[in-house]
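Taking it in order: structure first as structure tokens, then the write-up.
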């Protein structure tokens, strides 16, 4: 999609278009996620909306890569991609399990695994 919109454009214009497309895709993904959350009692609308949300959200990495590659001189592109990957992992992959665990402990303190007749199962108080 980005290539179709930006073919023959200057690098600055391609970077701008990549960021605009990434913003639109992320906004649509977040909006669909919130709509899926509001449709939670019914299974089919929730699964449809969350699947569409994931399609939009997983379409953003190519725009991110183009934006990173075009914001630095060609001699620094390898380093820029490495730093971008490092930052994604440091600020995304590392703290996310800790933060999600903290939210679970705050909002559902009794939800967890318990031993029921020598089988691990979900706590019935959850």
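Inspect region 64-74 for any residue being surrounded by fewer than 11 Cβ atoms within 10 Å (Cβ to Cβ), within 29 Å of residue 3 (Cα to Cα) and either in the same structural domain as residue 9 (by TED's automatic domain parsing) or at pLDDT 90 or above (or both) and give the result as yes or no.
So the first thing to find is which residues in region 64-74 are surrounded by fewer than 11 Cβ atoms within 10 Å (Cβ to Cβ), and the list is 73-74.
Those left that are additionally within 29 Å of residue 3 (Cα to Cα): 73-74.
So of that shortlist, the ones also either in the same structural domain as residue 9 (by TED's automatic domain parsing) or at pLDDT 90 or above (or both) come out as 73-74.
Within region 64-74, one or more residues are surrounded by fewer than 11 Cβ atoms within 10 Å (Cβ to Cβ), within 29 Å of residue 3 (Cα to Cα) and either in the same structural domain as residue 9 (by TED's automatic domain parsing) or at pLDDT 90 or above (or both).
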Evaluate the following for residue 5: is it on the phi < 0 side of the Ramachandran plot, free of Cβ contacts under 8 Å to residues at least 40 places away in the same chain and out of contact with any helix residue (DSSP H, G or I) (no Cβ under 8 Å at 6 or more places or on another chain)? no
Could you check how many residues of region 86-108 are surrounded by 11 or more Cβ atoms within 10 Å (Cβ to Cβ) and farther than 30 Å from residue 68 by Cβ? 4
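Would you please name the residue that is surrounded by the most Cβ atoms within 10 Å (Cβ to Cβ), looking only at residues in region 8-51 that are in contact with a helix residue (DSSP H, G or I) (Cβ under 6 Å, 6 or more places away or on another chain) and outside any helix (DSSP H, G or I)? Even if it seems obvious, please write down each step before you answer.
Narrowing region 8-51 to residues in contact with a helix residue (DSSP H, G or I) (Cβ under 6 Å, 6 or more places away or on another chain): 11, 14-15, 17-19, 21-22, 25, 28-29, 32-33, 35-36, 39-40, 46, 49-50.
Then keep just the ones that are outside any helix (DSSP H, G or I); that gives 39-40.
Details: 39: 16, 40: 11.
In this case the residue turns out to be 39.
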With the first residue restricted to region 41-62 and required to be without any contact (Cβ under 8 Å) to a residue 40 or more places away in the chain, and the second required to be part of a loop (DSSP other than H, G, I, E, B) and crowded, with 16+ Cβ neighbours inside 10 Å, Cβ contacts under 7 Å at 6 or more apart or on different chains are 45/39; 46/39; 49/39
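Is it the case that some residue within region 52-59 is part of a loop (DSSP other than H, G, I, E, B) and over 25 Å from residue 4 (Cα atoms)? Give the steps one after another, and end with the answer.
From region 52-59, those part of a loop (DSSP other than H, G, I, E, B) are 58-59; that's our starting set.
So of that shortlist, the ones also over 25 Å from residue 4 (Cα atoms) come out as none.
No - not one qualifying residue is present in region 52-59.
The values are calculated or read from the model by the stated rules, or taken from the named source; none is laboratory data. Values in this document were obtained by computation on a predicted structure and should not be read as measured data. Neighbour counts are summed over all protein chains in view; Cβ atoms, including those assigned to glycine, are modelled from backbone coordinates with ideal geometry.
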